[in-house]
Amino acid sequence: MGRVSKETIEKLNEFICSLPEEARGKCALCNQTLVHIVKQAEAQTGAGTATVTKALADKINETAAPLDRVEASSLRDKVIYTEQVEKPISGIFTNRIEDLEKENEAEIVREAKKINAEKFKQKREENLKDYNKRVETKSVRPEPTTRPNLILSDPPWKYDFSETASREIENHYNTEEVSGMETHIPETQDDCILFMWATAPKLKEAFELMASWGFEYKTCAVWDKEIIGMGYWFRGQHELLMVGVKGNVSPPLQDFRVSSVFKEKRTKHSKKPECVYEWIEKAFGDKDKLEMYCRTTRDGWAAMGNEI
């Protein structure tokens, strides 16, 4: 140990004397406390570890019984051991504890997901059970005075052109301008769903008609007719089934959510695919249904059309 200035010794003694009584007793000097005191003394006085531990040992030995006295070298070795061995090992254990906590957190998240999935499954089964009960109470034929809360509309769009005389729409049914159809506002329940058929060239008019009836557009599906038709830009093979709602309306239960593409081969002119009717009847079996601009009637549906 090199020479230590008088000023340093005075600062060190002043520091040691400022320590609480329990920090100056041998029994209170656990490794972490000892290191903390020594490092703090080094920082405040400029003395080295050996000088500090000697001063601390002297202070302890002033009041300690002979058997409790401590050598400065043993305090110094304890500081070195704690700094170089014990604290790094403690750090390793701390890191491992943190890892275990993260693993435990991940396990909690996994369990929470399982619980949520089970709750979702249970809720889904309850919703389906309630839905089936509502379907059972529906009559096969709706009452004439019942206002619908589901409409399937196939507007008779009027076109300014026709590819061929044989395909001219007027040869098959009467068409009408959008301005005329806007007056055909259906009387519905406050909460209602509208499925509206629209061809690609009449998409703009379909949005206008839907809005004029008081429905907000939500989404659409596609009918793949599986037979290529006529056209100027593209040879048409599909038709759009637009979805609009008003009031408080929920989408179908998850059990009835199908692909947005319905595939069914086109048959006679203007006849819509059976698979769409079947899906609506399955997914919305508890609704009071109305088909607008239809040419035939269907069990379970009210009908509105000039050919029935």
State whether the residues of the stretch 238-256 include one that is surrounded by 13 or more Cβ atoms within 10 Å (Cβ to Cβ), among the β-branched types (V, I, T) and over 30 Å from K121 (Cβ atoms). no
Considering only residues that are modelled with pLDDT of 90 or more and surrounded by fewer than 18 Cβ atoms within 10 Å (Cβ to Cβ), which ones fall in the stretch 136-159? R147
From the list T297, T219, which one is in contact with a strand residue (DSSP E or B) (Cβ under 8 Å, 6 or more places away or on another chain), free of Cβ contacts under 8 Å to residues at least 12 places away in the same chain and exposed (fewer than 15 other Cβ atoms within 10 Å of the Cβ)? T297
Mind checking which residues of the stretch 239-262 are closer than 27 Å to E226 by Cβ and in contact (Cβ under 8 Å) with a residue 40 or more places away in the chain? E239, L240, L241, M242, V243, G244, D255, S260, V261, F262
Say whether the condition of being of a type in the set (A, V, I, L, M, F, W, C), outside any helix (DSSP H, G or I) and under 38 Å from the mean Cα position of the chain (by Cα) is met by at least one residue in the stretch 263-278. no
When the stretch 218-243 is examined, which residues are found to be farther than 15 Å from W279 by Cβ and β-branched (V, I, T)? I227, I228
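The values are calculated or read from the model by the stated rules, or taken from the named source; none is laboratory data. In this text the structure is predicted, and so the values were computed from the model without any measurement. Cβ: placed from backbone, ideal geometry, glycine included. Neighbour counts: every protein chain shown.
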